[in-house]
Amino acid sequence: KNLHNDNVYIYYAAKPFLYYNKNKIATLLTFFDMTEIYELSRKLEEKNIELTEANIRLQNHTQNMQQLTMETERNIIMADIHDTLGHSMMELLTLLEVTDLMIDQEEENVEETINEAIEKGRNSLSEIRSAVMRYKKMGGVS
């Protein structure tokens, strides 16, 4: 049983201990002051709630940091691809325009310029593939 009054928790137990001719003639009453245990239990429950809320906030923060890190890495790789592609295309376009001029002027080293443009295109493609592979390794599109 619980005797509760003004945040004081007293429990008691009643146990018969003397019998005479199968009749109970005495009962032992034991009282327990459970106030401190109840207060500690209540504080523990409050701390548990606080820790659960802090854990949820931490998990959300961790998830946000993971997403931000992935987005940052993705942006770096995409900028790398963009820069490589833009620079390579500009070089290829310039080489092809030079080749066009050389053909118009019937110059002899047109074949060399065309081979240079082909080599530049191959190198650029290789650089772009490397950037895409780095993106895939960090969890990008497969």
On Cα atoms only, tilt of 35-104 relative to the major axis of the chain in degrees: 0 degrees
Cα-Cα separations in the chain greater than 22 Å, expressed as whole percent: 72 percent
Segment ARG129-THR69, length gained on full extension (0.36 nm per residue, minus Cα span): 19.4 nm
Local electrostatic count, SER88, Cβ distance below 14 Å [Lys/Arg +1, Asp/Glu -1]: -3
Cβ-defined net charge surrounding LEU44, 14 Å radius [Lys, Arg +1; Asp, Glu -1]: -2
Area of GLU71 that stays accessible when all protein chains are in place (1.4 Å probe, Å², to 10): 100 Å²
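Extension gain LEU58-MET89, at 0.36 nm per residue separation less the Cα-Cα distance, in nm?
Taking 0.36 nm per residue and subtracting the Cα distance, the gain is 6.6 nm.
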Extension gain from LYS24 to GLU50, taking 0.36 nm per residue of separation minus the Cα-Cα distance: 4.3 nm
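Restricting to Cα pairs below 8 Å that are 6+ residues apart, what does the relative contact order work out to for the range 1-115? Please round to a whole percent.
So the answer I get is 13 percent.
The values are calculated or read from the model by the stated rules, or taken from the named source; none is laboratory data. What you are looking at is a predicted structure, and each value in this text was computed from that prediction instead of being measured. Backbone-built Cβ (ideal geometry, glycine too); neighbour counts: all protein chains shown. Ligands, DNA and RNA are stripped out before the accessible areas are found, and what is left, the full protein with its side chains, is counted by its heavy atoms. Shrake-Rupley method; radii C 1.70, N 1.55, O 1.52, S 1.80 Å.
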